[in-house]
Every structure is written in structure tokens, then in C-alpha cells.
Amino acid sequence: MLKSVLSLAKAVIRSRRPSPSCAPQERPVIIMGNGPSLRSFIDEGEPLREDFDLMAVNFAANAEEFRALRPQLYILADPHFFNGMAKDPNVARLWENLRAVTWPMTLWLPANHRRLLWAIIGSLPKNITVKWYNLTPVEGHTALSRLLISSGMGMPRPRNVLIPAIMMAMRSGYRKIFLVGADHTWSRSLWVDDENHVVSVQPHFYKDNEKEKQRVTAEYAGYHLHDILQSLTIAFRSYFDIRSYADAKGVSIINATPGSFIDAFPRCDYAQMRQLSMQ
């Protein structure tokens, strides 16, 4: 009961008017996480791109492969992408690369940053359609949670960009959603050094430059191991909340990431994706 009341209060106070949901899409979508295994999809999955839409996340636009992939959708969630423009050259380069997009693309952005982003949005090309969503976490009674999620006022606790990516894929009307590059194998590269500093190495399919490595190290400097493990627990639990919501809406989410630690969704490999997308 308390979680439901808090979720409703947060939605009323924090959430802003989201973009409306879209009509059902005939094509399936592939959400591309930036995990190391996305490299194998880039190398092996080219035949699939004609029959699937693609969604990219975070710093994907800074990768050399971005222009070849030409994703139809893109999503940003971390406040760093909106507050770090002046001090982080990687963020500045991200927006520069998005301004250079020449194909039709929908860019999903958090609604609470709408005012902050007006100047940036005005500089984007007209082939990019900006849509807004709410990152407000929703928990508690199932009926209330689903109502808030369906209205776009909130979502399962968004501890990782893949969570809003899946939710916005559903809001975009996709009924078949495939995940690639969603390794989530962070616990393999998590340890504590001899000075009691938590070290978390988060490899991507592209090579992070030194500036980004320094930023991540500084970001983790104030956290203890129990903080990180609790955050991971929340993220992995959110995928089960998403699975429950998707099942109720008749949406299929399939994880095609080899070696992924996400245990909420059914699995397949690249060779099975086209067949499953037609079922």
C-alpha cells in the first residue's frame, strides 16, 4: 500500500506530460545495448537489419559503426547527457554526431529535462523527431502500477538505460522486441581494491577513451560495494516487472544476447530471430 501511495505521489509531483503512445508497429525492433557482445551482432546480424527496426542507446552515436547501423530510434536517460555538455567532450561529441544524422530517427528524452534541452533540440535536424518520456519509478499495487505505466507517467525502476529503452519500444507500438548487446555481466568485473575502493569495469562494444574511463571511476568513488550490489538487484528485478507488464499487454520480449545475465526473458540466438519475429 505504501509503495503504491509513494508511486502515485511521485508521478503527480515529478512526471511531466509524455509523448502519446503510438499505433502498433508491424515490424519488430532490436534494442542494441552497448555491451561487448554487440560486436558479434554487428558482424553477424547485417542480414536482419532489413526486416527489423533498430534502437540505439547512450554513447552509441560516438561509435564508428553508428552511421552504418542507421537506427530508427535512439534513447538517452542518464542526466550526464544533459548536464555534462560543457565539461565532458564525449557528451559534446554525442550531440554533434546526433546533429549529423541524415536519416529519419526518433529520439526519446526524459520529460523533466525538456526546458534544459530546448536549445539543443532546436539545433537537431528536422529528420529527428523528439519524443518525451518519464523516468519516474513505479511500484506497488499491480493495477495502479500498470495504469501509471500505460499512461506514460512512470515505469519500473530505471536503474539502467535498457529499462526505459524497452518501455519506450513498447510505447512506440512494437509488439516484438529483441535485445542484443545486453550483456549485463558487470558482476564479473566488480571488485574492491586494497584501499577499499569499489572498482567497476563496464566494457562496451566500442573502446572507451581515457576521459570516459576517468569519469566512470570518479562516479563510483563515493559508492560502497553494498550500494552497487543493491543497484544491480533493483535493475535485474525491474526486468521481471517489465516481463509481467509486457505479458499483460501481449508484447514479446526476447533476449538474443549471448551470455547475458538477464534472466527475465526467453532466449534465442541470431539465427532464430527472424523466425520468432514472424510468430
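The values are calculated or read from the model by the stated rules, or taken from the named source; none is laboratory data. No experiment lies behind these values; they were computed from the predicted model shown. In this analysis, Cβ positions are derived from the backbone assuming ideal geometry, glycine residues included, and neighbour counts consider all displayed protein chains. Quick note on the areas: whole protein, heavy atoms, side chains included, nothing else; ligands and nucleic acids left out. Shrake-Rupley method; radii C 1.70, N 1.55, O 1.52, S 1.80 Å.
Considering the stretch 229-268, the residues that are within 26 Å of Ser145 (Cα to Cα) and among the β-branched types (Val, Ile, Thr) include one that is surrounded by the fewest Cβ atoms within 10 Å (Cβ to Cβ), namely Thr233. Determine if the stretch 174-196 includes at least one residue that is under 23 Å from Ser37 (Cα atoms), assigned to a loop (DSSP other than H, G, I, E, B), under 21 Å from the mean Cα position of the chain (by Cα) and of a type in the set (Lys, Arg). Scanning the stretch 174-196, I find no residue that is under 23 Å from Ser37 (Cα atoms), assigned to a loop (DSSP other than H, G, I, E, B), under 21 Å from the mean Cα position of the chain (by Cα) and of a type in the set (Lys, Arg), so the answer is no. Annotation note: Cβ proximity below 6 Å between a residue of the stretch 111-132 that is under 21 Å from Cys22 (Cβ atoms) and part of a strand (DSSP E or B) and a residue that is open to solvent by less than 40 Å² (accessible area, probe 1.4 Å) and basic (Lys, Arg) (sequence gap 6+ or interchain) occurs for no pair. Among the residues of the stretch 199-228, those identified as touching a strand residue (DSSP E or B) at 6+ places or on another chain (Cβ under 7 Å) and either under 17 Å from Asp78 (Cα atoms) or open to solvent by 80 Å² or more (accessible area, probe 1.4 Å) (or both) are Tyr220, Tyr223, His224, Ile228.
Looking at the stretch 231-266, which of its residues are over 19 Å from the mean Cα position of the chain (by Cα) and free of Cβ contacts under 8 Å to residues at least 24 places away in the same chain? Scanning the stretch 231-266 gives a single hit, Asp247. When the stretch 68-77 is filtered for residues that are surrounded by fewer than 16 Cβ atoms within 10 Å (Cβ to Cβ) and of a type outside the set (Lys, Arg), only Ala68 remains. Taken residue by residue, the stretch 181-198 has at least one member that is at pLDDT below 95, of a type in the set (Val, Ile, Thr) and touching a strand residue (DSSP E or B) at 6+ places or on another chain (Cβ under 7 Å). Within the stretch 216-230, residues that are within 24 Å of Phe59 (Cβ to Cβ) and at pLDDT below 85 reach partners that are open to solvent by less than 90 Å² (accessible area, probe 1.4 Å) and aliphatic (A, V, I, L, M) with beta carbons closer than 7 Å, at six or more positions or on different chains, in the pairs Tyr220/Val198. Among the residues of the stretch 36-54, those identified as under 16 Å from the mean Cα position of the chain (by Cα), within 17 Å of Tyr206 (Cβ to Cβ) and either open to solvent by less than 10 Å² (accessible area, probe 1.4 Å) or acidic (Asp, Glu) (or both) are Leu38, Leu54. Scanning the stretch 144-169 for residues that are open to solvent by 30 Å² or more (accessible area, probe 1.4 Å) and either under 26 Å from Pro258 (Cβ atoms) or β-branched (Val, Ile, Thr) (or both) gives Pro158, Arg159, Asn160. For Met105, the stated conditions hold: it is over 21 Å from Phe236 (Cα atoms) and open to solvent by less than 10 Å² (accessible area, probe 1.4 Å). It is to be established whether one or more residues within the stretch 77-87 are of a type in the set (Gly, Ala, Ser) and assigned to a helix (DSSP H, G or I). Among the residues of the stretch 77-87, not one is of a type in the set (Gly, Ala, Ser) and assigned to a helix (DSSP H, G or I), which makes the answer no. Right, Asp241: out of contact with any Lys or Arg (no Cβ under 9 Å at 6 or more places or on another chain) and among the charged types (D, E, K, R) or not? Against the criterion (out of contact with any Lys or Arg (no Cβ under 9 Å at 6 or more places or on another chain) and among the charged types (D, E, K, R)), Asp241 does not qualify.
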